[in-house]
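The next block holds one structure in the form of structure tokens; read it before the comments.
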């Protein structure tokens, strides 16, 4: 749950003072800060983003946790340029987001997993270019 209820990582907030003005009234807000009860232990306007009123909070929450966890290093490594190659190890929450961002950026994606059951999802649902079973020594030689 968010600090005031809602989806983990996303909270519907009341008035928040930002530079002498009120911002984010009755909007979803999310960000990378620690909250306890209804008190935010951070400089809110620097660490929160406004989520559009009609955007489902359940869709926004993954972008604020797993999404930013993979997005930040991708940007630092300039992995947003079409044609580059990206290997994603594992297809859990972080791997899933990495593949989605990678495809949106036009990258050539290879997913490495120990689970053959993830192959269909990786290739056909998420659009990965290759799938490698990392426990298969022959596949890992390539």
Do we have residue 95 as modelled with pLDDT of 95 or more and surrounded by 15 or more Cβ atoms within 10 Å (Cβ to Cβ) here? yes
Here the residues within region 68-92 that are buried (at least 20 other Cβ atoms within 10 Å of the Cβ) and not assigned by TED's automatic domain parsing to the domain that holds residue 136 are 70
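The values are calculated or read from the model by the stated rules, or taken from the named source; none is laboratory data. Fair warning: this is a prediction, and the values are worked out from it, not measured in the lab. Cβ coordinates were reconstructed from backbone atoms using ideal geometry, including for glycine residues, and neighbour counts include every protein chain displayed.
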